[in-house]
Amino acid sequence: MVFSSHIFLFWFLPLALLLYYVVPARARSLVLTLESYVFYGWWNPWFTLLMLVSTLIDYVCGHFITRPKATPRGRKTALVASVCSNLAILGFFKYALFFSENLGKVATVFGLGEVPLPEFLSHIVLPVGISFYTFQSMSYAIDLYRGHAERARSFIDFACYVSMFPQLVAGPIVRYGTVAEQLRERTHSLEGFVAGLTRFNYGFAKKILLANPMGRIADLAFEAGSPGAPVAWAGILAYALQIYFDFSAYSDMAVGLGRMMGFRFPENFNSPYRSTSLTEFWRRWHISLSTFLRDYLYIPLGGNRMGSARTYLNLLLVMLIGGLWHGAQWTFVIWGGLHGLVLALERLGKNVLKISLPRPLGWVATTLVILSGWVFFRSPDLATALGYFAALGGAGGGTEAAEVLDAVVFTPLNLAQLAGCAAVAWFLPNSGSFLRRLDGWKIALGLGLLFAGVRVMALQGFNPFLYFQF
C-alpha cells in the first residue's frame, strides 16, 4: 500500500484516523501499532513477522543494556547482539544473492571453478523498507548503550516506534530519543491536525504532479538505448527532479501524517539542489540518513580526529557503505564512492589547500557531480551507465529511432513540466519552510492541490515510490 493510492486515501487512512481518535488516549499507541502492521502486511503478511522479530530482539537487548545490575561486558554483549542480528537480517534479504554472485565471479577469475548458487537465493524477496526499519530499530540499542536515550516504557511503545506507518518504509529515519516523550504523551489539537493534513496535501501533490511526470521523461531517455545528447541531458535532469520530488514528497506526507497523530518527525530535505558543494548537499539531502551515517559510522571510525589521511578514508568508506545501503548493485557502490571521493577532495581543498570556489562556480560543479552520480544510481548496471555517459557526450542519436524519441520527449507539455519542476526545485521555498507559518490561503491551496492530485492520479495508475526498493 502506498500513500498515493485510492485504497490508502479513501479507505485505510480515514479508518485508521477514526479508530485512532475514538479509542482512549492510553490505547492509541497500541492501535497505531496494529494499524501499522496491517499497512505493512498489505504487501506480504509474512514480512510483518520479520519486523516483529527485529523489534523483539532490539527490545530485549535494550532491556539487558539498561538493567541496573548489568555489567559492562553484559551491556556490550547485548549491544553486539542487537547490531549483528539487524545486520544479519538486512544482509540475508538484501545482499546474500549479490555477494554470492560476486564470490562466484572471483572464484572463476582465480581458476577455482564455477561456484553454483544455492537455489533458495534466487527466490529471496526483498521486504519493503527493511533498510529503514532495521537501521531505526538498531539505533535504539546503540543510543541506550551510549546513554543518549532511556529505555522504552513498554514493548507496545517500542513496537509503535519501529512500525509507525507514516515513516515506516521510506523514512525519515527517526531515533527513539526524538519521539520517546511523544510516545508517552503527545498533544492532539485541531490546529496540529490541520497543519499535518496540509503538509500531507502538498506532499501528495508533489508526488503526483511533479515527480511522476519527471519519471516518465526519465524512463524514455534511460530506456532508449542510445539517445541523442539533448534527450540524454533532459533525461538525467528529469531523473534528478523525479528522485528529489518523489522522496521529499514521501517525507512531506510522513511528517504530515505524524503531525495528524500528534508526532513531530524531523525534516528530511532542505532544498538540496541549491547546494554549492557536495558537503552542503549532504546536509540538505536525506538529512536523517546522512546524520545516521555520521553519528553511527563516521564518528565511530574516528571522524576527523585522527589526521587528514584518515579523515579522507573515513569519508570514502562511509559513502561506499551508504551507496551499498541503497542497493545490492555495483552502480550504487560507484555512486557512493564518487560522492565519498568528492567529499574528501572538498575537505582537502578547504582545510589544506585553502581553496574555495566562487558560489556560482561551486553550484555548477556540484550540480554536475550530482547529475553524474544519478546516472550510476539510475542505471541497472555499469554498462548501461557508461553508455548513458557516452550519450551525454554526443555519441548517441543520429538514427531514425532517436529522431522519433526527440519528438516524443521534447513536446511543449514535457518542456513546460521540466522547466516548471526545475524552477520549483531551485527557486521556490521547500515545503517545510513554506508551511512553517500556516495561513488560510495555504490551507486552501493544499486542498486544491489534493483535489488536482487525486484527479491526475486516476489517470496515472500505479505509482510506487522510488525509495521503497531500498
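The values are calculated or read from the model by the stated rules, or taken from the named source; none is laboratory data. Because the structure is a prediction, the values reported are computed rather than measured. Cβ sites come from the backbone with ideal geometry, for glycine too, and all protein chains shown count toward neighbours.
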All-but-one check, GLY225 against (1) at positive phi; (2) assigned to a helix (DSSP H, G or I), failing number (2)
So is ILE208 outside any helix (DSSP H, G or I), in contact with a helix residue (DSSP H, G or I) (Cβ under 6 Å, 6 or more places away or on another chain) and either closer than 24 Å to VAL38 by Cβ or modelled with pLDDT of 90 or more (or both) or not? no
Across region 391-445, what is the number of residues that are closer than 21 Å to ALA238 by Cα, of a type in the set (Gly, Ala, Ser) and over 29 Å from the mean Cα position of the chain (by Cα)? 8
Would you mind finding the one in GLU150, GLU119, GLU101 that is among the acidic types (Asp, Glu), surrounded by fewer than 17 Cβ atoms within 10 Å (Cβ to Cβ), modelled with pLDDT of 85 or more and more than 25 Å from the chain's Cα centre (by Cα)? GLU150
Where ASN304 falls short, out of the listed (1) within 29 Å of THR384 (Cα to Cα); (2) more than 19 Å from the chain's Cα centre (by Cα): (1)
Given the condition surrounded by fewer than 17 Cβ atoms within 10 Å (Cβ to Cβ), among the polar types (S, T, N, Q) and within 23 Å of the chain's Cα centre (by Cα), answer yes or no: does some residue in region 37-51 qualify? yes
Among the residues of region 155-195, which ones are hydroxyl-bearing (Ser, Thr, Tyr) and without any contact (Cβ under 8 Å) to a residue 12 or more places away in the chain? SER189
Residue hits (region 297-346; over 17 Å from ARG283 (Cβ atoms), β-branched (Val, Ile, Thr) and free of Cβ contacts under 8 Å to residues at least 24 places away in the same chain) are VAL333
Anything in region 267-306 that is under 24 Å from ALA365 (Cα atoms) and among the aliphatic types (A, V, I, L, M)? List them, or say none. LEU278, ILE287, LEU289
Is it the case that some residue within region 326-348 is buried (at least 19 other Cβ atoms within 10 Å of the Cβ) and not in a helix (DSSP H, G or I)? yes
Being surrounded by fewer than 13 Cβ atoms within 10 Å (Cβ to Cβ) and not charged (D, E, K, R) is the filter; apply it to region 67-87 and report the residue that is modelled with the lowest pLDDT. PRO68
Restricted to region 369-389 and to residues being in contact (Cβ under 8 Å) with a residue 60 or more places away in the chain and of a type in the set (A, V, I, L, M, F, W, C), the residue surrounded by the most Cβ atoms within 10 Å (Cβ to Cβ) is VAL375
Among the residues of region 125-147, is there at least one that is surrounded by 15 or more Cβ atoms within 10 Å (Cβ to Cβ) and more than 28 Å from the chain's Cα centre (by Cα)? no
Is it true that PHE158 is in a helix (DSSP H, G or I), in contact with a helix residue (DSSP H, G or I) (Cβ under 7 Å, 6 or more places away or on another chain), in the same structural domain as TYR20 (by TED's automatic domain parsing) and at pLDDT 90 or above? yes
Give region 427-448 a look and list any residue that's modelled with pLDDT of 95 or more and under 22 Å from GLY215 (Cβ atoms), or say none. none
